[in-house]
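The values are calculated or read from the model by the stated rules, or taken from the named source; none is laboratory data. Just so it is clear, the model here is predicted, and its values are computed rather than measured. With ideal geometry, Cβ positions are generated from the backbone for all residues, glycine too; neighbour counts draw on all protein chains shown. Just the protein is used for accessible areas: all its heavy atoms, side chains included, with ligands, DNA and RNA removed. Shrake-Rupley method; radii C 1.70, N 1.55, O 1.52, S 1.80 Å.
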Amino acid sequence: MKNLMLAVMLLAATSAWAAGQGGDYAYSAHSCGKVIEAARDREKSEKAEIFWYTIGWWMQGYVAAYNRLTPGTFSILGDRDHERAMLWVKAWCEKNPLEDLSSAMQALTTELHPGRHQTKQEAAR
């Protein structure tokens, strides 16, 4: 278990932030090719399975930040669950293999924004 956690931390640390002069940020995430590879090989390889879960954790962080920073948004996922979002991103990456995970997440949030839950009460229905 100790080795598994170390491997996850190392994989999570392989991405980097970059800031432009105007203070805008871009995130250099893993490529869609690696996302597809991890999804395909996760049942055959422990390394691919760890990487797939790392992608999922990164996505959960992205969603949490989006929810926190986007006005009028309690949950960008709306009535969807995390697994469904991961499958959407995998399918998007299959169509856009030269893009990266941050581009896939931007596309996902754009797609889901109209159906988001805007309040906690709306999410509880």
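Name the residue that is surrounded by the most Cβ atoms within 10 Å (Cβ to Cβ), counting only residues in segment 58-77 that are of a type outside the set (S, T, N, Q) and either touching a strand residue (DSSP E or B) at 6+ places or on another chain (Cβ under 7 Å) or within 18 Å of Trp92 (Cα to Cα) (or both).
Result: Ile76.
For segment 47-56, enumerate the residues that are open to solvent by 60 Å² or more (accessible area, probe 1.4 Å) and either in contact (Cβ under 8 Å) with a residue 24 or more places away in the chain or part of a loop (DSSP other than H, G, I, E, B) (or both). Step through it out loud before you land on a result.
In the first step, residues of segment 47-56 are kept if they are open to solvent by 60 Å² or more (accessible area, probe 1.4 Å); the result is 47, 49, 53.
Correct list: Lys47, Tyr53.
Could you pull out the residue among Ala107, Ala85 that is in a helix (DSSP H, G or I) and surrounded by fewer than 18 Cβ atoms within 10 Å (Cβ to Cβ)?
Sole residue among the options that is in a helix (DSSP H, G or I) and surrounded by fewer than 18 Cβ atoms within 10 Å (Cβ to Cβ): Ala107.
Take Trp92 and decide whether it is under 19 Å from Ile36 (Cα atoms), among the aromatic types (Phe, Trp, Tyr) and in contact (Cβ under 8 Å) with a residue 60 or more places away in the chain.
It is true that Trp92 is under 19 Å from Ile36 (Cα atoms), among the aromatic types (Phe, Trp, Tyr) and in contact (Cβ under 8 Å) with a residue 60 or more places away in the chain.
Can you pull out the residues in segment 89-104 that are assigned to a helix (DSSP H, G or I) and open to solvent by 60 Å² or more (accessible area, probe 1.4 Å)?
Glu94, Lys95
Could you pull out the residue among Met5, Met9, Met59 that is at pLDDT 90 or above, out of contact with any Pro (no Cβ under 8 Å at 6 or more places or on another chain), part of a helix (DSSP H, G or I) and aliphatic (A, V, I, L, M)?
Numbers: Met5 fails: at pLDDT 90 or above; Met9 fails: at pLDDT 90 or above.
After ruling out the rest, the residue left standing is Met59.
Can you name the condition, by its number, that Arg80 falls short on among (1) closer than 17 Å to Ala107 by Cβ; (2) within 12 Å of the chain's Cα centre (by Cα); (3) surrounded by fewer than 19 Cβ atoms within 10 Å (Cβ to Cβ)?
Arg80 satisfies all of (1) closer than 17 Å to Ala107 by Cβ; (2) within 12 Å of the chain's Cα centre (by Cα); (3) surrounded by fewer than 19 Cβ atoms within 10 Å (Cβ to Cβ) except (2).
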